[in-house]
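What follows is a short report on a single structure.
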Amino acid sequence: MPPIDHWIAHPGGRLFAREWAASAAGAVLPSLILLHDSLGCVDLWRDFPALLARTTGRRVIAYDRAGFGRSNARSGRLSSEFIAEEASEWFPLASRHFAVDRFAVLGHSVGGGMAVNIAARHADRCEALVTIAAQAFVEDRTLAGLRAARLSFAEPGALERLARYHGDKAAWVLSAWLDTWLDPAFAGWSLAGVLPGVRCPALALHGELDEYGSAAHPAMIERLAGGPARMELLAGLGHVPQRERPDEIARRVADFLASA
């Protein structure tokens, strides 16, 4: 069955979302909701949501955060609390639109931090948490990766490639990532205070070659989560494991959800 596109109304415009149906057997399972990375959107998940739907049997839902992908543009800089705000302001819109009660949540990169906040804030409804390449704090390695990315995006044609997915919002998307994370005022950000509120089982997947964070990030998630948690360091993989070895990552997620 092909995925179904949705538009979610909010006071500033609309969020774009896409839904992949559950299997007949998986229709009773909680939906799996995806949170994209700092430059991401629904389309940049590529075939991974469909693969997750097939592998887990669950309904899978992904949405473009406000200002990203096909969702309406945003203006101004992101709040320093934007990661926590996804759980309080934006996730509830998607949750209500899709009539989601209990759910599992998976986030990639900054989406992983958002998924942690969602799991903690909605702990009575969250069945399981998966993070992929999540940042748990601002590390020197994170900043070095961001500075290298800034140089890369200064190359001719780089912003145009980003515009394929974000249209005329591309410059804002890039600034929302680099300028926020490189701001000295953001240097003290951490998930340490949020993780104890996560009561569901948690799995932190992290590539050993991730250019935006060392193994200290999944280790923090494993150590501080309030429920049962484990980290899995992925040999030979970088910051986007679901693109490098999608079948393996989908199987790890499915096995975890089946046992959560």
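Coordinate-derived values only; no laboratory data. Keep in mind that what you see is a predicted model, and the values were worked out from it rather than measured. Using ideal geometry, Cβ is built from the backbone for each residue, glycine included, and neighbour counts are taken over all protein chains shown.
Observations, loosely collected:
- Estimated from helical segments only, the mean residue ellipticity of the chain at 222 nm is -10500 deg cm²/dmol, where each DSSP H run of four or more residues counts as -39500 (n - 2.57).
- Within the listed set D183, D64, D43, the residue fluctuating most in the Gaussian network model of the chain (springs between alpha-carbon atoms under 10 angstrom) is D183.
- Computed over segment 154-237: relative contact order in percent, which uses C-alpha pairs under 8 Å that are six or more apart: 26 percent
- Relative to the Cα centre, the charge distribution of the chain, modelled as +1 at Lys and Arg Cβ and -1 at Asp and Glu Cβ, gives a dipole magnitude of about 500 debye.
- Loop-located GluC sites (Glu not before Pro) in segment 1-99 (DSSP state other than H, G, I, E, B) with a sparse environment of at most 16 neighbouring Cβ atoms within 10 Å: E81.
- Here the label points at E155 and R102, each 7 Å from Cα along the C-beta direction, are separated by 4.7 nm in the simple model.
- Restricting segment 106-194 to GluC sites (Glu not before Pro) in coil, as DSSP defines it, with at most 16 other Cβ within 10 Å: E139
- Within the listed set V240, V198, V105, the residue fluctuating most in the Gaussian network model of the chain (springs between alpha-carbon atoms under 10 angstrom) is V240.
- Summary value for the chain: 19 percent relative contact order, contacts being C-alpha pairs under 8 angstrom separated by 6+ residues.
- Across segment 1-144, Cα pairs under 8 Å and at least six residues apart give a relative contact order of 24 percent.
- Comparing P196, P156, P11 in a Gaussian network model of the chain (Cα springs below 10 Å), the most mobile by mean-square fluctuation is P11.
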